[in-house]
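Read through the structure below, which is laid out as structure tokens, and then see the notes.
The values are calculated or read from the model by the stated rules, or taken from the named source; none is laboratory data. All of these numbers come straight from a predicted model, not from anything done at the bench. Every residue, glycine among them, receives a Cβ derived from its backbone with ideal geometry; neighbour counts consider all protein chains shown.
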Amino acid sequence: MDCSPLSASSKAVAIEILVHGAQSRTRLANRMGLSAATLTRLVRPLLEAGVLVESDAVRTPGRGRSSLPLDVVPDRYRFIGVKLTTESIYAVVTDLRAKILEREVVAIRSLRVPDVVAAVSAIVDVFQSHSDLPVDAVGVTVGGQVEAGEIVADSPFLNWHAVPFRALLREELGTPVHLDNDVVGLTQAQHWFGYGKGYENFALLTVGAGIGYGLVVNNTVVPTLVSPISHYPVDPAGPLCPLGHRGCMTAYLASDSIISAVSVGHGRLIGYDEVLEMAKADDPIASRVVSEAARALGRTASAISSLTGVELIILSGEGVHLAEVAQSSVEQGLIEYDVPRGPNSECVVRPMTFFEWARGAAAIAIQAEFPG
Ligand SMILES: [Zn+2]
């Protein structure tokens, strides 16, 4: 990418086009509330740097210059997104608009930091061997707390503490590397390229091995700590979480909590997917555990709505099929403390695979690098 400094206003124009697609100068000026003259001044350095192009200049040479749509050239860029789970590394190659071009999943044999660095490096090498284009940047996300984009401060899933993961990867890969929390990455991907596109304010609530919470306010991702939503109190008479809280989100919704509650009831170990199947088939124990978890999810979504006023709440995460199995219980939790005046947040269930999380990691790299 070009290294000449771009003003914040020019960058905003480039991001507007990246996110919302090719636009004429007239439409762009209207959308951004800019005069034609100001827009021309802001666009010029972007054209000179090759960040933007006049998109159909070749096909319709007769038309006036000002009517030509401006666009980015997504295919000129390559980003790699990597999402680490305890069992596997999910990796994708994307273009500038986070469109997935290639994907790979590799089992993790060891969670030792040098082994994971080597495994990520091997995947990046394979991807690079498939393309003539250099990789612009690699984004990596992990579950847990990430400090200043540099250090995995605490990841209970990986059992990592104070690991300077970005610098270690940067040294190994030799390309720019960006590191963040996995829910932050997924939120960023939804914000620019996914279900949150077009919303100035939305939240993402994920359930699975852990509970995640992402928040966008005024088109900006707000830093949300991992632990407060994980242990958000839902019901003081609820089940216990590993930290000794009664009725927190983890106690109700973490996969292990659901698995152990149903397994204890039946006296045998029962996996998460089987729990959901049993709930669908009206098994009394699974139905009870799943419906109570779904109600807790609805209550927490309702709290997010009350506290933030976001227009949209996206429910996702690998455990979110629970919200489809027990949809009426989610609804109950959502409306339990309603007041007779609205409007409330729209709440939607959007299952996403771990490749979507890897795309979130790529989005972290795109956001950091574009438009240079
Ligand atoms: Zn707790």
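To keep it simple, each residue is scored yes or no on (1) under 15 Å from ALA303 (Cβ atoms); (2) in contact with a Gly (Cβ under 8 Å, 6 or more places away or on another chain); (3) exposed (fewer than 15 other Cβ atoms within 10 Å of the Cβ).
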{"site": "THR206", "(1), (2), (3)": "no, yes, no"}
{"site": "PRO228", "(1), (2), (3)": "yes, no, yes"}
{"site": "ASP235", "(1), (2), (3)": "yes, yes, no"}
{"site": "PRO242", "(1), (2), (3)": "no, no, yes"}
{"site": "CYS248", "(1), (2), (3)": "yes, yes, no"}
{"site": "SER257", "(1), (2), (3)": "no, no, no"}
{"site": "SER263", "(1), (2), (3)": "no, no, no"}
{"site": "LEU269", "(1), (2), (3)": "no, no, yes"}
{"site": "VAL275", "(1), (2), (3)": "no, no, no"}
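When the stretch 79-99 is examined, which residues are found to be under 18 Å from ALA49 (Cα atoms) and either of a type in the set (Val, Ile, Thr) or buried (at least 24 other Cβ atoms within 10 Å of the Cβ) (or both)?
Once the filter is applied, which keeps residues that are under 18 Å from ALA49 (Cα atoms) and either of a type in the set (Val, Ile, Thr) or buried (at least 24 other Cβ atoms within 10 Å of the Cβ) (or both), the stretch 79-99 yields nothing.
Restricting to the stretch 162-183, name every residue that is in a helix (DSSP H, G or I), surrounded by fewer than 24 Cβ atoms within 10 Å (Cβ to Cβ) and among the aliphatic types (A, V, I, L, M).
Matches in the stretch 162-183: ALA167, LEU168, LEU169, LEU173.
Among (1) under 20 Å from GLY149 (Cβ atoms); (2) at pLDDT below 95; (3) more than 14 Å from the ligand (Cβ to nearest atom), where does LEU173 come up short?
Among (1) under 20 Å from GLY149 (Cβ atoms); (2) at pLDDT below 95; (3) more than 14 Å from the ligand (Cβ to nearest atom), LEU173 violates only (2).
Specify the residue that is farthest from the ligand (Cβ to nearest atom); the eligible residues are those in the stretch 273-291 that are of a type outside the set (Asp, Glu) and farther than 17 Å from VAL330 by Cβ.
Residue satisfying both the conditions and the ranking: ALA281.
Of all residues in the stretch 333-346, which are out of contact with any Asp or Glu (no Cβ under 9 Å at 6 or more places or on another chain) and surrounded by 15 or more Cβ atoms within 10 Å (Cβ to Cβ)?
GLY333, LEU334, listed by residue number.
Residue by residue through the stretch 214-254, note down the ones that are within 11 Å of the ligand (Cβ to nearest atom), farther than 25 Å from GLY309 by Cβ and assigned to a loop (DSSP other than H, G, I, E, B).
Within the stretch 214-254, GLY238, PRO239, CYS241, PRO242, LEU243, GLY244, HIS245, GLY247, ALA254 meet the criteria.
Of everything in the stretch 1-48, what is buried (at least 16 other Cβ atoms within 10 Å of the Cβ), more than 29 Å from the chain's Cα centre (by Cα) and either part of a loop (DSSP other than H, G, I, E, B) or of a type outside the set (D, E, K, R) (or both)? Give them in sequence order.
Correct list: ALA29, LEU34, LEU39, LEU42, VAL43, PRO45.
This table checks each residue for (1) at pLDDT 95 or above; (2) out of contact with any strand residue (DSSP E or B) (no Cβ under 8 Å at 6 or more places or on another chain).
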site: ASN219; (1), (2): no, yes
site: LEU225; (1), (2): no, no
site: SER230; (1), (2): no, no
site: GLY247; (1), (2): yes, no
site: SER263; (1), (2): yes, yes
site: GLY267; (1), (2): yes, yes
